[in-house]
1. Which of 156, 70, 30 has the fewest other C-beta atoms within 10 Å, and how do the rest follow up to the most?
2. I'm a student and want to see the number: the projected area of the Cα convex hull of the stretch 39-100, averaged over all directions, in nm².
3. May I ask for log10 I(q)/I(0) of the stretch 133-174 at q = 0.29 Å⁻¹, from a Debye sum over the Cα atoms as equal point scatterers with solvent left out?
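Please treat every number below as a calculation from the coordinates, not as lab data. Model, not experiment: these values are computed from the prediction. When we count neighbours, we look across all protein chains shown, and the Cβ atoms used for this are built from the backbone with ideal geometry, even at glycine.
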């Protein structure tokens, strides 16, 4: 175990697991370990598992997680990271609980560099995040109990029609006024020329001109 591990874990290793477990079951709630990072949290949970003499597979079943999950999170290779939902379930099955304590030194360090918000401009609960699944489920349950199915369909249809009309109006406005159509002038008429006839008329004209003496 790395240096700097919590004193509670170090004390467990100095006594036999059975004696330590019996002593802890008779004690009032005490701090088991101080966890500055993820790795020490995993080490503390694994030590607690060994103290309770529970296998990784047994802890999988107790915490209702996939078989082999604990071994992958606690093992030397640590091919998986413990998710927060699984953390609460595993912690509870190990007879522990998560408690947040105020650290005066960490608080002072944060306040020394953090910019204070303007309380008069703060709006509590105004978060620019999408609605969670829990909120959506609550809204759907409320709609199912307060409105009929036909009313819901009518509201959805009206909303879709309104959105479609707004999108069409926006697209029309972005396109601008229609361009003026220019009046097309008719193409000039074409006259077909009879080349042989023109040639004959030209020859006739030259003959008459020579006879007259022009």
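1. Ascending number of Cβ neighbours within 10 Å: 30, 156, 70.
2. 3.9 nm²
3. Computed log10 I(q)/I(0) values: -0.92.
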